[in-house]
1. Ordered by packing density, taken as the mean number of other Cβ atoms within 10 Å over each peptide's residues, highest first, how do 708-719, 630-641, 292-303 rank?
2. When only Cα pairs under 8 Å and 6 or more residues apart are kept, what is the percent relative contact order across segment 11-103?
3. Which of the listed residues, Leu13, Tyr40, Ala63, is farthest toward the dipole's positive end in segment 1-90, when Lys, Arg count +1 and Asp, Glu count -1 at the beta-carbon?
4. Could you tell me what % of all Cα pairs in segment 64-116 have separations over 13 Å?
5. What is the dipole size for segment 421-565, taken about its Cα centre, with +1 at each Lys and Arg Cβ and -1 at each Asp and Glu Cβ, in debye to the nearest 20?
6. Over the chain, what percent of the accessible surface lies on carbon and sulfur atoms, probe 1.4 Å?
7. Run through the DSSP bridge list for segment 1-123 and note the antiparallel percent, rounded to the nearest 5.
8. Calculate the dipole size of the chain relative to its Cα centre from +1 charges on Lys and Arg beta carbons and -1 charges on Asp and Glu beta carbons; express the result in debye to the nearest 20.
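The values are calculated or read from the model by the stated rules, or taken from the named source; none is laboratory data. All values derive from a computational prediction rather than experimental measurement. Here the Cβ positions follow ideal geometry from the backbone for every residue, glycine too, while neighbour counts run over all protein chains shown. All accessible areas refer to the heavy atoms of the entire protein, side chains included, with ligands and DNA or RNA removed. Shrake-Rupley method; radii C 1.70, N 1.55, O 1.52, S 1.80 Å.
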Amino acid sequence: MLDVHRPYPGVILLVSTNGSVLFGAPADAFKATKACCQRYKLPFPRVLVAPQRMLVDFTPQFAPEFFLYDFLFVHGAAFKPDLQNERLTLVLDADRIENELRALSLTLNGPSRDELTNYRDAEGKTILDAKTVSLLADISEHLAIKKDHRPRRLEEMVSAIAFDQNGSVDLLDSTLQVIRTGPANFLVRSSNSEVEINLDFETPITPFSTLPVPIEDQTPASFALKSLGTRSGFDLTGPTTGFLLWLNGHAVLYDGPVGTRYLLERQGINPNDISAVVLSHCHEDHMGSFIDLILGGHKPKLFTAEPIYRSMLQKLSHQLRLTDKEVASFIDYTRITPGTPLDAFGATFNFFYTIHSIPTIGMSVTMRGPSDIHRIQISGDTMSHHGLDELKAAGVIDSDTHLRMRNLIPARVNKGAIYLADVGEAIIHGNPQDWEGNPNRILYYHCPDDDHTREFGHEVAKPGVTNTLIEAPRFHPAVPGRLLQALSFMNFTDPGWLTTFLHRGRIRRAAANEVLVRSGTNSGNLSIIISGAAEVRNAEGTILTELRPSELFGAIELVDNQHHYSAEVRSITPTEVFEIDGTLITEYVEANNLQETLTRTWQNRPNIDSARLFRTIDAPIKSRIAALGTEEKYVAGGVIYTQGAIAEDFFLLTEGRVALDVDGQIVREINAADENNFFGEIAAIVPHRRRSSTVKTLTPVSTLRLPGKELRRLVVDEMAFRYTIVMTIKKNVG
């Protein structure tokens, strides 16, 4: 008998009399599967089967890292003699095995000494000095799992099995036959049962661990820290590590739990406000949301050290099926050198290497306030004082490193500082006892929130809570920026009009779940969300979309021809809205001859909104694209453009079907209902490029022609758009 359980979207746990098999392992699958097995007393899977569809909405669908750690350190295969011959089994396509094992090896043991030594910059110069190489390599080699006094190879802990040429594999001592029937589908047979496995799911996905709805406005501060996640990868009680720092209104993310983009939006924070991401290291409980953060929206800066960056590239290249160089093109990387300060966003960053199993950085950020210097320090994953003493005694770290890490939090009180300390208590983590009696304000993280952790005199960082050191100015500093973003599609840049809008506007505050406007009521104002999030519902109560900071409603959005609201808008979180009288908007439109622009925008927006290609892009940018679009219609049997013509535009197919013809051969058909219902995409990346195909109409066709110049800006700034375009080109479409 085969027992089927669905612990999480994209995951199926199949239990038989001979054990269990997990199909699909997205980033949150470990915690969800562990909870399911504990609740129903099921055998925890040691066999993981990968789907062919490895990425959905910028979330990897096979991330087996914590299943490996559980196998090694919880099950005990790393240290129990009777388990030395057991293996965690991974089932993948043959061409993915090498890269999967390489990615797992990097997160388990880090880059090798030779790799660290041979890192070179664009000019061929060595990046890491000999002392740094020695420190990182000595620590990783000393902490590696051993066998016969040598580091165990990954192949001695993991068995990778490939599907055969028919997409079939035998598992659990050949008692199960698994046959792949689609990108996310399988047929499983045993001696007396047969089941179909379908890993498809609807998006968006709620993460396994979420945050409470905030009770206060989530407004940008001058200097503050908001905890998004403070638990370890094994802890089922909350999100894993991630902190959001506000620096003079800029959002900087240190790591990020799975679903960070989702968590931020449900806190009323626009993920596209993130100016930079600090990646501390490449363990999955710290970079579980990294792909989504990098590819899902605007392009943030990345601050990290070279060994971490190189490991991240290799890990992502496997998950995205791109080369390291192609992955790097999506990332605005700033190499940091621990020990060398970095000035950014009006603050000073100081980074340092920690003592961890793979290269890891912590950071200290300082900012001058009205009367004092304030500091926020995050220790990064690092070892306890007892562990540091042992490493020093073994000659793995020198006296300077030992002293620096033991005094990471000073013994002298600093009233203007908050110190985040890893106290996870495993062999590679700190201990809450290390900081007992320290007079500073210390927040423990990477740990459970229990009596044991708290008994050492310090509080546990609480997910969702913001600690503010320097308040924002009294006048809400985010208003001008939100206003400029929201109205950018109308070329709103005139400082005089900006001043007028700021003087004539007013802030309205709403509690969570408060109705902002009701369907059918008169729309007299243009409302721009400054902070918070809201949802748009139709008359039947169905949620149509969500609104984020810099998005607008009223006057020219969600309004019918009688100037009545066409939908209800309700706040999800505490929300601040900047309201401008609609007559002032009308005056601006008439003074700048924007009537035609607005008409074209609202005519074209439905097609832009419905296109999957543009769905992660903010509403103001969608409006800008819509304003530039031109509707075109073609009869069946016509030609939209010919092979060899100069490509300066892009087409969104809104009705009908077309065929792509290359050298007289039909290579692909595109339907308006297709997920990728566009063609001419090469123009969005390379100007003056010649068309690689002829596009013929198979039926009457409607298109929205968009200028390639505008889309090239999106390729630079909007990573979700760029990724879709790049992957389509790689498949030789258009």
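1. On the way: 708-719: 18.5, 630-641: 13.6, 292-303: 21.3.
In decreasing order of mean packing, 708-719, 630-641, 292-303 become 292-303, 708-719, 630-641.
2. Numbers: 115 pairs, mean separation 23.5, N = 93.
Reported as a whole number, the value is 25 percent.
3. The one lying farthest along the dipole's positive direction is Tyr40.
4. On the way: 910 of 1378 pairs.
Pairs farther apart than 13 Å: 66 percent.
5. Working: 12 positive and 18 negative charges, 216 e Å.
The dipole of segment 421-565 has a size of about 1040 debye.
6. Numbers: 14640 of 30400 Å².
Of the solvent-accessible surface of the chain, carbon and sulfur hold 48 percent.
7. On the way: 11 of 17 bridges.
Percentage antiparallel, nearest 5: 65.
8. Working: 73 positive and 89 negative charges, 157 e Å.
Dipole size: approximately 760 debye.
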